[in-house]
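Here's a structure for you.
The values are calculated or read from the model by the stated rules, or taken from the named source; none is laboratory data. What you see is a predicted model, and the numbers here were worked out from it, not measured in a lab. Note: ideal-geometry Cβ built from the backbone for every residue, glycine included; neighbour counts use all protein chains shown. Remember, those area values only see protein heavy atoms, side chains included, never the ligands or the DNA or RNA. Shrake-Rupley method; radii C 1.70, N 1.55, O 1.52, S 1.80 Å.
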Amino acid sequence: MWRDSLRLQIFCLLMAVLAIVVLVHNFFQLEHLDDDTVSGSSWITENDVQHSLSQTTKTTRKPYCGYKEQTLSKREQAEQESLLAAIQWPKPPDGKIAFVQSTDPARSDFVIVKPSGFFKVGDQLEVLVRMKDFQGKSKQYGGDYLQARIHSPVLKAGATGRIVDCRNGFYKVFFTLLWPGEVKVSVSLVHPSEAIQVLLRLREERPDRVYFKSSFKSGRYSETTECNVCLPGDLPVCNFTDLYTGEPWFCYKPRKLSCASRISHAKGGYQKGLLTQDESLFFQSDVNIKRPILSSGPDSVIVKPKAFTDSSSMDRAEDPTVSPSGYYYEDQWRSRTHWIHHFNKSDDITKCLQGKVIHLFGDSTIRQWFEYLTAFVPDLVEFNLGSPKNVGPFMSVDLKHNILLKFRCHGPPIRFSTVFSSELRYIANELNGIVGGRNTVIAITIWSHFSTFPVEVYIRRLRNIRRSIIQLLDRSPKTLIIIRTANVQELGPEVSLFNSDWYSFQLDSVMRKMFSGIAVHFVDAWEMSLAHYLPHNLHPKEVIVKNQIDAFLSYVCPLQT
């Protein structure tokens with residue numbers, strides 16, 4: 001009898017323990033965003049990542065977006081509103097627009113205003129672009145994204161134009177004529193206005209369309225879960241928000257491992273099925289993505305030399321915000337904002353960098369600078385840090401001339417193959433650890449990996465970097481800081497949804513505004529890639545990179561004039 005009583009007591013005790021476990025589990029399910037050490041029964045392994053994402057695309061679960069939780073001061077809020085207003089894009093009329101009513105570059109055209117006029121170097125050339133739809137009807141609204149340049153193929157000369165949307169189907173393009181000879185005009189439709197509205201929707205509604213993953217490991221056991229700035233659903237997460245900058249980053253919590261067991265970060269992949277059938281018609285490579293718009297009359301003018309002007313100084317401009325910022329002539333970039341010395345010999349680069357520490361922070365487009373300098377300068381030898389290929393960090397050393405060149409990628413979001421968790425560093429934090437001084441050179445680029453997120457995410461990142469730059473210049477005012485802008489790239493239907501030039505153009509506009517008025521210099525990679533005759537490429541070819549390096553080094557070692 002006493003045995004039955006004992007069994008009953010044990011049973012009751014077990015039920016009580018089970019009830020407590022359930023209560024604790026439910027409590028942590030509610031509190032999982034605030035504690036990255038809790039356990040949960042919902043999890044995603046490496047094999048389940050793609051399945052989970054496919055489920056996400058079929059539902060409309062509201063994502064948790066860390067950037068929305070930030071608290072801004074009145075000044076920061078006002079700046080953010082001003083920045084967002086500055087990049088606001090014209091919208092088509094309300095209502096659904098059929099594909100045949102969208103912009104057709106083949107039926108659109110442009111004319112040179114006063115094509116037979118007398119032009120000399122320094123004059124303005126005006127071009128009028130008229131947009132039509134696939135029915136041949138004139139468009140009555142704006143919002144198309146165009147790119148334009150003037151060029152002289154024989155001279156290997158080129159420059160970009162300034163585009164004004166008249167918002168009635170017409171666009172004006174203004175060019176500054178910067179060299180003599182026959183100058184040809186080229187205009188392209190990058191995206192019709194109807195496609196821009198799709199890109200806007202994706203940026204706001206689908207910040208998860210590029211997804212990331214992290215590996216967690218303890219001993220021989222490992223798990224892989226999805227990560228992002230925004231995570232959909234109600235699964236428990238690990239909160240990897242940076243303690244110093246407040247930059248948000250989250251991963252779904254592993255089933256058995258702790259959040260502290262994370263060992264690496266990597267790009268997971270790209271979402272599919274983002275467009276409706278009708279929307280996909282606005283993104284066709286041979287129809288309406290980066291297609292030329294032809295002239296209905298002459299497409300070139302003859303430019304005469306400017307009389308009584310020293311040819312070596314005629315392209316100088318006092319206004320540092322002048323457009324264009326420079327131009328190509330004989331395949332060499334001539335800046336209109338500062339004198340450029342062309343470093344054609346490795347000895348010239350060695351002499352310029354002697355005794356200096358050069359920090360390169362950003363993505364693969366500034367990694368090209370590291371690769372170029374290491375390959376071109378014989379005494380600059382890469383020191384093997386055992387870093388993953390194309391990821392870094394990387395370091396090259398010239399012991400003879402006391403040169404140290406370093407590259408480090410920016411913190412997440414970053415679409416690299418595999419980055420060790422210990423190497424996930426935010427640029428702002430890295431800048432805070434640099435002493436600085438006259439022999440310290442810092443170059444930064446950050447743009448491409450933010451194109452899929454709402455602009456507020458990018459503004460926050462730049463705000464943190466800018467604060468660290470100002471603090472660095474305050475304690476070490478002779479530190480040289482250079483910003484490499486975004487650049488254009490080749491586009492197709494899929495790439496356009498993630499890395500469109502329009503996304504990059506918007507981010508680049510924000511970056512230029514946020515860093516204006518402080519003691520940093522710019523290498524205008526945007527114009528240098530758009531003005532050149534080579535096809536657009538996310539990673540520009542060596543001749544363009546060489547010109548970027550010349551512009552960069554000309555800040556490090558300015559010509560004595």
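Can you work out which of the residues in segment 164-187 that are within 12 Å of MET131 (Cβ to Cβ) and part of a loop (DSSP other than H, G, I, E, B) is most open to solvent (accessible area, probe 1.4 Å)? Let's see the steps before the verdict.
To start, the set of residues in segment 164-187 that are within 12 Å of MET131 (Cβ to Cβ) comprises 165-171, 187.
Within this subset, residues satisfying the condition of being part of a loop (DSSP other than H, G, I, E, B) are 166-169.
Details: CYS166: 53, ARG167: 149, ASN168: 68, GLY169: 1 Å².
Filtering first and then ranking leaves ARG167.
Also, I was wondering about something else. Does at least one position in segment 123-141 carry a residue that is open to solvent by 10 Å² or more (accessible area, probe 1.4 Å) and closer than 20 Å to ASN487 by Cα?
No, that holds for no residue.
State whether the residues of segment 249-269 include one that is without any contact (Cβ under 8 Å) to a residue 12 or more places away in the chain and in a loop (DSSP other than H, G, I, E, B).
Just the residues of segment 249-269 that are without any contact (Cβ under 8 Å) to a residue 12 or more places away in the chain, to begin with: none.
Taking every residue of segment 249-269 in turn, none turns out to be without any contact (Cβ under 8 Å) to a residue 12 or more places away in the chain and in a loop (DSSP other than H, G, I, E, B).
If you take the residues in segment 391-442 that are of a type in the set (Ser, Thr, Tyr) and touching an Asp or Glu at 6+ places or on another chain (Cβ under 7 Å), which one is most open to solvent (accessible area, probe 1.4 Å)? Spell out how you get there, then give the answer.
Within segment 391-442, the first condition is being of a type in the set (Ser, Thr, Tyr), and the residues that meet it are 396, 417-418, 421-422, 426, 440.
Now drop any that are not touching an Asp or Glu at 6+ places or on another chain (Cβ under 7 Å), which leaves 396, 426.
Working: SER396: 0, TYR426: 18 Å².
The qualifying residue most open to solvent (accessible area, probe 1.4 Å) is TYR426.
Tally the residues that are touching a residue at least 40 places away in the same chain (Cβ under 8 Å), touching a strand residue (DSSP E or B) at 6+ places or on another chain (Cβ under 7 Å) and of a type outside the set (A, V, I, L, M), restricting the search to segment 123-138.
Within segment 123-138, the first condition is being touching a residue at least 40 places away in the same chain (Cβ under 8 Å), and the residues that meet it are 123-131.
With touching a strand residue (DSSP E or B) at 6+ places or on another chain (Cβ under 7 Å) added as a condition, the list becomes 124-131.
From the residues that got through so far, the ones that are of a type outside the set (A, V, I, L, M) too are 124, 126, 130.
Going through segment 123-138 one residue at a time, the tally reaches 3.
Just one of (1) assigned by the TED database to the domain that holds ASP299; (2) touching a Lys or Arg at 6+ places or on another chain (Cβ under 7 Å); (3) open to solvent by 40 Å² or more (accessible area, probe 1.4 Å) trips up THR103, so point out which.
(3)
For segment 473-487, which residues satisfy the criterion of being among the polar types (S, T, N, Q) and buried (at least 20 other Cβ atoms within 10 Å of the Cβ)?
Passing the criteria: THR479, THR485, ASN487.
Table: residues versus (1) in contact with a strand residue (DSSP E or B) (Cβ under 6 Å, 6 or more places away or on another chain); (2) at pLDDT 85 or above; (3) within 22 Å of CYS230 (Cα to Cα).
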position: ILE44; (1), (2), (3): yes, no, yes
position: ASP48; (1), (2), (3): no, no, yes
position: GLN55; (1), (2), (3): no, no, yes
position: ARG75; (1), (2), (3): no, yes, no
position: LEU84; (1), (2), (3): no, yes, yes
position: ILE87; (1), (2), (3): no, yes, no
position: PHE119; (1), (2), (3): yes, yes, no
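When residues of segment 106-122 are filtered for being open to solvent by 40 Å² or more (accessible area, probe 1.4 Å) and among the hydroxyl-bearing types (Ser, Thr, Tyr), how many remain? Before you say what the answer is, go through the steps one by one.
Applying the first criterion (open to solvent by 40 Å² or more (accessible area, probe 1.4 Å)) to segment 106-122 yields 106-107, 111, 113-116, 118, 120, 122.
Remaining after also requiring among the hydroxyl-bearing types (Ser, Thr, Tyr): 116.
Summing the residues that are open to solvent by 40 Å² or more (accessible area, probe 1.4 Å) and among the hydroxyl-bearing types (Ser, Thr, Tyr) in segment 106-122 gives 1.
For segment 496-523, what are the residues that are open to solvent by less than 20 Å² (accessible area, probe 1.4 Å) and in a loop (DSSP other than H, G, I, E, B)?
Matches in segment 496-523: SER500, PHE515, VAL520.
ALA159: at pLDDT 95 or above, within 27 Å of GLY492 (Cβ to Cβ) and not in a strand (DSSP E or B), yes or no? Steps first, please.
Details: at pLDDT 95 or above: yes; within 27 Å of GLY492 (Cβ to Cβ): yes; not in a strand (DSSP E or B): no.
Spelling it out, it is not the case that ALA159 is at pLDDT 95 or above, within 27 Å of GLY492 (Cβ to Cβ) and not in a strand (DSSP E or B).
Can you pull out the residues in segment 415-457 that are over 29 Å from GLY355 (Cα atoms) and assigned to a loop (DSSP other than H, G, I, E, B)?
ARG415, PHE416, SER417, THR418, TRP447, SER451, THR452, PHE453, PRO454
Another question about this same structure. Conditions first: (1) crowded, with 18+ Cβ neighbours inside 10 Å; (2) modelled with pLDDT under 95; (3) farther than 21 Å from ASN228 by Cα. GLY386 passes all but one, so which condition is the exception?
(1)
Given the condition free of Cβ contacts under 8 Å to residues at least 24 places away in the same chain and more than 19 Å from the chain's Cα centre (by Cα), answer yes or no: does some residue in segment 456-477 qualify? Give the steps one after another, and end with the answer.
Kept after step one, since they are free of Cβ contacts under 8 Å to residues at least 24 places away in the same chain, are these residues of segment 456-477: 474.
Pick out the ones that are also more than 19 Å from the chain's Cα centre (by Cα) and you get 474.
Within segment 456-477, one or more residues are free of Cβ contacts under 8 Å to residues at least 24 places away in the same chain and more than 19 Å from the chain's Cα centre (by Cα).
Another question, then. Mind checking which residues of segment 189-240 are over 20 Å from the mean Cα position of the chain (by Cα) and surrounded by fewer than 18 Cβ atoms within 10 Å (Cβ to Cβ)?
Those that are over 20 Å from the mean Cα position of the chain (by Cα) and surrounded by fewer than 18 Cβ atoms within 10 Å (Cβ to Cβ): LYS217, SER218, GLY219, ARG220, TYR221, SER222, GLY233, ASP234, ASN239.
Scan segment 458-472 for residues that are among the charged types (D, E, K, R) and either in a loop (DSSP other than H, G, I, E, B) or surrounded by 16 or more Cβ atoms within 10 Å (Cβ to Cβ) (or both) and jot them down.
So in segment 458-472, the residues among the charged types (D, E, K, R) come out as 460-461, 463, 466-467.
Across segment 458-472, the qualifying residues are ARG460, ARG461, ARG463, ARG466.
Do you know which residues across segment 247-272 are within 25 Å of LEU72 (Cα to Cα) and open to solvent by 20 Å² or more (accessible area, probe 1.4 Å)? Lay out the reasoning, then the answer.
Filtering segment 247-272 down to residues within 25 Å of LEU72 (Cα to Cα) leaves 247-251.
Answer for segment 247-272, where residues must be within 25 Å of LEU72 (Cα to Cα) and open to solvent by 20 Å² or more (accessible area, probe 1.4 Å): there is none.
Assuming TRP526 fulfils every condition listed in (1) under 12 Å from the mean Cα position of the chain (by Cα); (2) more than 25 Å from CYS352 (Cβ to Cβ) apart from one, which condition is it?
Among (1) under 12 Å from the mean Cα position of the chain (by Cα); (2) more than 25 Å from CYS352 (Cβ to Cβ), the lone unmet condition for TRP526 is (2).
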